[in-house]
Amino acid sequence: MDDDRIADIVGQWGRERPDLDPTPLLIIGRIQQLAAALDAALRPPFAAADLGNGDFDVLAALRREGEPYTLTPGQLSQRMLVTTGAVTKRVDRLIARGLVSRSVSTADARGRVVGLTPAGVELTDRLIEEHLANEASILRGLTDSDRKGLERLLAAIDRNLASPDRGPEGGSPTG
């Protein structure tokens, strides 16, 4: 990489504060840089389908559930790791597009369920094919061993972030 801004930042901190180890930036800074680049690379098919951020997550969660493709708002919230308020906003947008419906639960008349419409199933099936092909294209330069190793390392970072004894929080990713 000819223009490695992250390495430049680490070099600058190493020069200015030799008492500190800035090398975690080589990983964390790159992960954040990759997150932004991944969002830019993965977003176009959803934008072309006029889906807002998170809308496809609702459709995909429902489709993964299998027939009859329904979940309660609370279940959607848990599967998508967002608040029920965020789910409600997304569901409202998707109802307006005719991609999902909201109905009374057969198990509890006070509850509601969200379900995919036939148009929602069709769109989700088409978009997941594009999405997975896009992701595979992004990873095409990695060997199977690279992919397995990267998955293992990312899972380890994820576990560490979830650990209650992780240590001090906060700070800027690129200092």
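Candidates are the residues of the range 146-175 that are part of a loop (DSSP other than H, G, I, E, B) and of a type in the set (S, T, N, Q); the one that is modelled with the highest pLDDT is 163.
Scanning the range 37-65 for residues that are in a loop (DSSP other than H, G, I, E, B), over 20 Å from residue 108 (Cβ atoms) and either open to solvent by 70 Å² or more (accessible area, probe 1.4 Å) or of a type in the set (Phe, Trp, Tyr) (or both) yields 50, 53. Show the residue pairs that are 6+ apart or on different chains and have beta-carbon atoms under 6 Å apart, the first residue being within the range 56-71 and within 18 Å of residue 127 (Cβ to Cβ) and of a type in the set (D, E, K, R), the second being at pLDDT 95 or above and in a helix (DSSP H, G or I). The qualifying pairs are 63/124.
Just give me the residues in the range 104-125 being touching a residue at least 24 places away in the same chain (Cβ under 8 Å) and either open to solvent by 50 Å² or more (accessible area, probe 1.4 Å) or under 27 Å from the mean Cα position of the chain (by Cα) (or both), in sequence order. Walk me through it before giving the result.
First, pick out the residues of the range 104-125 that are touching a residue at least 24 places away in the same chain (Cβ under 8 Å): 105, 111-116, 120-121, 123-125.
Those that are touching a residue at least 24 places away in the same chain (Cβ under 8 Å) and either open to solvent by 50 Å² or more (accessible area, probe 1.4 Å) or under 27 Å from the mean Cα position of the chain (by Cα) (or both): 112, 113, 114, 115, 116, 120, 121, 123, 124, 125.
Scan the range 81-115 residue by residue and report those that are modelled with pLDDT under 95, of a type in the set (D, E, K, R) and part of a loop (DSSP other than H, G, I, E, B). Answer for the range 81-115, where residues must be modelled with pLDDT under 95, of a type in the set (D, E, K, R) and part of a loop (DSSP other than H, G, I, E, B): 108, 110.
Within the span defined as the range 66-80, one or more residues are assigned to a strand (DSSP E or B) and not polar (S, T, N, Q).
Of all the listed residues (79, 5), the sole one being under 21 Å from residue 123 (Cβ atoms) and of a type outside the set (Gly, Ala, Ser) is 79.
Checking the structure you have, find out if any residue of the range 154-162 is of a type in the set (Val, Ile, Thr) and surrounded by fewer than 11 Cβ atoms within 10 Å (Cβ to Cβ).
We begin by selecting, within the range 154-162, every residue of a type in the set (Val, Ile, Thr); these are 157.
After this cut, where a residue has to be surrounded by fewer than 11 Cβ atoms within 10 Å (Cβ to Cβ) as well, the list is none.
There is no residue in the range 154-162 that is of a type in the set (Val, Ile, Thr) and surrounded by fewer than 11 Cβ atoms within 10 Å (Cβ to Cβ).
Tell me whether the range 28-35 contains one or more residues that are of a type in the set (S, T, N, Q), in contact (Cβ under 8 Å) with a residue 24 or more places away in the chain and within 18 Å of residue 121 (Cα to Cα). Break it down into steps so the answer makes sense when it comes.
Filtering the range 28-35 down to residues of a type in the set (S, T, N, Q) leaves 32-33.
From what's left, in contact (Cβ under 8 Å) with a residue 24 or more places away in the chain: 32-33.
Applying the additional criterion that residues be within 18 Å of residue 121 (Cα to Cα) yields none.
No, the range 28-35 has no match at all.
Looking only at the range 99-115, count every residue that is touching a strand residue (DSSP E or B) at 6+ places or on another chain (Cβ under 6 Å) and of a type in the set (A, V, I, L, M) and tell me the total. Of the residues in the range 99-115, 3 are touching a strand residue (DSSP E or B) at 6+ places or on another chain (Cβ under 6 Å) and of a type in the set (A, V, I, L, M).
The lone criterion from (1) within 16 Å of the chain's Cα centre (by Cα); (2) surrounded by 14 or more Cβ atoms within 10 Å (Cβ to Cβ); (3) at pLDDT 95 or above; (4) not aromatic (Phe, Trp, Tyr) left unmet by residue 132 is number (2). From the list 96, 40, 86, 48, the one residue that fits, being under 25 Å from residue 125 (Cβ atoms), touching a residue at least 12 places away in the same chain (Cβ under 8 Å) and out of contact with any strand residue (DSSP E or B) (no Cβ under 6 Å at 6 or more places or on another chain), is 86.
The values are calculated or read from the model by the stated rules, or taken from the named source; none is laboratory data. This is a predicted model, so every value here is computed, not measured. Neighbour counts are summed over all protein chains in view; Cβ atoms, including those assigned to glycine, are modelled from backbone coordinates with ideal geometry. Quick note on the areas: whole protein, heavy atoms, side chains included, nothing else; ligands and nucleic acids left out. Shrake-Rupley method; radii C 1.70, N 1.55, O 1.52, S 1.80 Å.
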